[in-house]
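Since the structure comes first, as structure tokens, the remarks are kept for the end.
The values are calculated or read from the model by the stated rules, or taken from the named source; none is laboratory data. What you are looking at is a predicted structure, and each value in this text was computed from that prediction instead of being measured. Backbone-built Cβ (ideal geometry, glycine too); neighbour counts: all protein chains shown.
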Amino acid sequence: MRTSEGYVARSLLTRIDPGERVILVTRRNNVAELRANPEFRAAANVRLVGYDLPRWAAWWKKGPRGYGLYAYLWQVTWPLVLKRRRWLTRRLAIVHTFNFHNDSIPSLGWVLGRPSIWGPVNHNEGVPLWRTRDWPARLRRKTAIKARLRQLAWRLDPLLYLAKARTGLVFSAGSWVDSRLRLAGRKNVRRRSQLGLDPSILPPPTIRAPGGLRLVSGGRLDWIKGLDLALEALALLPESASLTIIGDGPCRGALGRRAENLGVAKRVTFHPAVPRDELLRAYLNHDLFVFPSAEAGGLAWVEALAIGLPVAGFEGPTELADMAAHLPGIHIAPARSTREANVAAFAQTIAAAIASQGDSAGRAAAARAHYGWDGFADEIQTAYRAFRGAPQ
């Protein structure tokens, strides 16, 4: 499973108590890939069950067209199908649904008649218009339509209402999820995002000379990442400032043209995507990680912070902005009314972050402690034990 859900599921299942017997229900085409994964093969306590929609409906998953409907139907039907297998459901103690990447798709795990957990639940908010000015027109329309459909689902889908009411525990990634799913005041909600990392694979933080203006960003080059805004901010910074962009994606060409038009092309270096260990080592050659993305989550900034780099981003309904008050090294540009004003605020925030480098080792330690997968697994297992009534 190359998706974020697959990465989180593997990271959790390889760290929970081996005595836990797990049945993992996933799409049928994921089963062979999981069995071949060396990390997953170590989890001998996990049994894989492949489930797919009937063949007449399975064409939806071929490409992006209609995939949202396919994902919805898959999530709401697998518990109903499993419920008919009484020999299996009788053995279940807890049902945990991982579909965090779309909070407009309900969890029906509770229909199996066992204590149920949903989440971590998360997704991106609708993207503000000032961000989308230079996006392709088709992408702007598609993004707006998807945002509207999610708004309708949050308010009108009776299955979402039942999921909130019947699920034993909902892990909500942030206040933005609470607001749109109307979770405020519910006693079955706990704060937890899907973001996590393995500190053992991270290089040690390094002490950098003060005054450096070497900026870096890593990840897939999608429009939602906001790297066009980073280029515009770079044009407002001193000539000594440079930006390295590591990754591939659909807006790579547009970013190159934008750098040329802004007159900063000589200060921008594009590198293709590299393996994670190489990417993290590359971060160490820079002074600040820029994360201008509108994503609610995004693992790249967590990994950069965990190797000691300060991070700069925009205010908004995101985990980066939420965690600025709790983790050292996060610098957030205050929201403004226009694109130009937001970019100017971002440039000022970058300059201020560079001027106050602080303690890289302290930043790294705090991020590793908060986002380590071992802590994530402990929190999930604590919830499992609570449902089973075992001692904490």
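Restricting attention to region 145-174, which residues are surrounded by 13 or more Cβ atoms within 10 Å (Cβ to Cβ) and basic (Lys, Arg)?
Lys146, Arg150, Lys164, Arg166
Here's the yes/no breakdown for (1) aliphatic (A, V, I, L, M); (2) modelled with pLDDT under 95; (3) out of contact with any helix residue (DSSP H, G or I) (no Cβ under 6 Å at 6 or more places or on another chain); (4) surrounded by fewer than 20 Cβ atoms within 10 Å (Cβ to Cβ):
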position: Leu236; (1), (2), (3), (4): yes, no, no, yes
position: Ser240; (1), (2), (3), (4): no, yes, yes, yes
position: Thr244; (1), (2), (3), (4): no, no, yes, yes
position: Ala259; (1), (2), (3), (4): yes, no, no, no
position: Ala265; (1), (2), (3), (4): yes, no, no, yes
position: Val268; (1), (2), (3), (4): yes, no, no, no
position: Asp277; (1), (2), (3), (4): no, yes, yes, yes
position: Ala282; (1), (2), (3), (4): yes, yes, yes, yes
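Please determine whether any residue of region 113-120 is free of Cβ contacts under 8 Å to residues at least 60 places away in the same chain, in the same structural domain as Val81 (by TED's automatic domain parsing) and farther than 19 Å from Lys83 by Cα.
There is no residue in region 113-120 that is free of Cβ contacts under 8 Å to residues at least 60 places away in the same chain, in the same structural domain as Val81 (by TED's automatic domain parsing) and farther than 19 Å from Lys83 by Cα.
What's the total number of residues in region 260-303 that are of a type in the set (Gly, Ala, Ser), touching a Phe, Trp or Tyr at 6+ places or on another chain (Cβ under 8 Å) and not in a loop (DSSP other than H, G, I, E, B)?
1
Pairs please, first residue from region 243-270 and assigned by TED's automatic domain parsing to the domain that holds Leu229 and among the basic types (Lys, Arg), second anywhere and surrounded by 13 or more Cβ atoms within 10 Å (Cβ to Cβ) and part of a helix (DSSP H, G or I), Cβ atoms under 7 Å, 6+ apart in sequence or on different chains.
Close Cβ pairs (under 7 Å, with a partner that is surrounded by 13 or more Cβ atoms within 10 Å (Cβ to Cβ) and part of a helix (DSSP H, G or I)) amount to Arg258/Asp228; Arg258/Leu231; Arg267/Leu234.
Say we look at region 236-259 and pick out the residues that are of a type in the set (D, E, K, R) and not in a loop (DSSP other than H, G, I, E, B); which of these is farthest from Pro292 (Cα to Cα)?
Here the answer is Arg257.
Looking at (1) under 30 Å from Ser107 (Cβ atoms); (2) in the same structural domain as Arg339 (by TED's automatic domain parsing), which is the one condition that is false for Glu239?
With (1) under 30 Å from Ser107 (Cβ atoms); (2) in the same structural domain as Arg339 (by TED's automatic domain parsing) applied to Glu239, the lone miss is (1).
I'm checking my understanding of the structure. Among residues of region 203-224 that are surrounded by 17 or more Cβ atoms within 10 Å (Cβ to Cβ) and in contact with a Cys (Cβ under 8 Å, 6 or more places away or on another chain), which one is farthest from Ala361 (Cα to Cα)?
Per the criteria, the residue is Trp223.
Checking the condition of a type in the set (A, V, I, L, M) and in contact with a Lys or Arg (Cβ under 7 Å, 6 or more places away or on another chain), which residue from Ala230, Ala300, Ala273, Ala306 passes?
Ala306
Just checking: which of the helices (runs of 4 or more DSSP H) contained wholly in region 1-49 hold 3 or more residues that are buried (at least 18 other Cβ atoms within 10 Å of the Cβ) and at pLDDT 80 or above?
Hits in region 1-49: 4-13.
Counting just the residues of region 180-202 that are part of a helix (DSSP H, G or I) and touching a residue at least 40 places away in the same chain (Cβ under 8 Å), which one comes out surrounded by the most Cβ atoms within 10 Å (Cβ to Cβ)?
Per the stated criteria, the residue is Arg180.
Any residue that is without any contact (Cβ under 8 Å) to a residue 40 or more places away in the chain and closer than 29 Å to Pro120 by Cβ - is there at least one of those in region 299-308?
yes
Kindly indicate which of Pro210, Pro205 is within 29 Å of Asp277 (Cα to Cα), touching a Lys or Arg at 6+ places or on another chain (Cβ under 8 Å), at pLDDT below 95 and not assigned by TED's automatic domain parsing to the domain that holds Ile117.
Pro205
What's the number of the condition Thr97 fails, among (1) more than 27 Å from Ala173 (Cβ to Cβ); (2) at pLDDT 90 or above; (3) hydroxyl-bearing (Ser, Thr, Tyr)?
(1)
Considering each of Trp223, Trp154, Trp176 in turn, give the residue that is touching a Phe, Trp or Tyr at 6+ places or on another chain (Cβ under 6 Å) and more than 21 Å from Gln381 (Cα to Cα).
That would be Trp223, the only listed residue that is touching a Phe, Trp or Tyr at 6+ places or on another chain (Cβ under 6 Å) and more than 21 Å from Gln381 (Cα to Cα).
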